[in-house]
Amino acid sequence: MGVLQLFTTITIDEPAPGLKAIFGFRVPDQRSGKEQNSIELQYLHEYARISSSIGLTANLIVNFSVVFGTNVLALGTDISFDTKIGNFTKRNAGLSFTNADLIASLALHVVMNEKGDSVNGSYYHLVNPFTNIVIGAKVTHSCSTNVNTITVGTQHALDPLTTIKARVNNASMVSALIQHEWHSKSLFTIYGEVDTKSIDKSPKVGLALALKP
């Protein structure tokens, strides 16, 4: 038999200029006795966004994020602190540059309890806006395993409703797809992937259908 839960969110806009307060309350799960309540404060400015939240649980977790910048250049960080263990469980930082046809970013991710420390760099360039030709690249370095992953990809619009995409990485994995919008916001996709180092193995092939009213 299921357990009925009630979740309520109360949002207070502009208790002070640029400030928003959000309170979330959930009726405790009777099986676990855990409460999942939280308090969040957000401050919005033309060149900054600051957010802080506290999960009201037995082991109090404090989250804090801040972004400074403009539509062209932005710098931000996102951290979580577990008061029970007295240590940070997540530390992220990022830098991005954007203009009319190019997006470049650099990000650092450290998830302490999952050993998910990594540095990511990505590049996205719109070559031809009329045929939606795009090239992109992503480089990921895992600090814990000292492994680098490099992925390069491209896409091209055959017509306003049909797009092809392809990518390859330094692990010799090659994938491609063709996607067709056969109805408004409804997509049909054919996808394939092959490991060129093990060409004797059967490639992966998939079909996907996304329907939206």
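The values are calculated or read from the model by the stated rules, or taken from the named source; none is laboratory data. Note that the coordinates shown come from a computational prediction; the quantities given were computed from them, not determined experimentally. All Cβ positions, glycine included, derive from the backbone under ideal geometry; neighbour counts span all protein chains shown.
Might you check whether a residue that is among the β-branched types (V, I, T), closer than 29 Å to S118 by Cβ and assigned to a strand (DSSP E or B) occurs anywhere in region 177-186? Spell out the reasoning first.
Here is the first cut: in region 177-186, the ones among the β-branched types (V, I, T) are 178.
Cutting the leftovers down to closer than 29 Å to S118 by Cβ gives us none.
No, the conditions are met nowhere in region 177-186.
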Scanning region 41-94 for residues that are at pLDDT below 90 and charged (D, E, K, R), the one farthest from D117 (Cα to Cα) turns out to be E46
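Could we say that T145 is surrounded by 14 or more Cβ atoms within 10 Å (Cβ to Cβ) and either under 28 Å from A104 (Cα atoms) or in contact with an Asp or Glu (Cβ under 7 Å, 6 or more places away or on another chain) (or both) here?
Numbers: surrounded by 14 or more Cβ atoms within 10 Å (Cβ to Cβ): no; either under 28 Å from A104 (Cα atoms) or in contact with an Asp or Glu (Cβ under 7 Å, 6 or more places away or on another chain) (or both): yes.
For T145, the condition - surrounded by 14 or more Cβ atoms within 10 Å (Cβ to Cβ) and either under 28 Å from A104 (Cα atoms) or in contact with an Asp or Glu (Cβ under 7 Å, 6 or more places away or on another chain) (or both) - is not met.
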Within region 1-33, of all residues that are aliphatic (A, V, I, L, M) and modelled with pLDDT of 65 or more, the one nearest to E46 (Cα to Cα) is L19
Apart from one, (1) of a type in the set (S, T, Y); (2) part of a loop (DSSP other than H, G, I, E, B); (3) closer than 21 Å to D101 by Cα all hold for T151; the odd one out is (2)
If the requirement is being outside the structural domain of M173 (by the TED database), over 28 Å from K165 (Cβ atoms) and part of a strand (DSSP E or B), which of these qualifies: G94, G55? G55
Kindly indicate whether K84 is among the basic types (K, R) and not assigned by the TED database to the domain that holds H156. yes
All positions within region 109-128 that are surrounded by fewer than 16 Cβ atoms within 10 Å (Cβ to Cβ) and modelled with pLDDT under 90: V111, M112, N113, E114, K115, G116
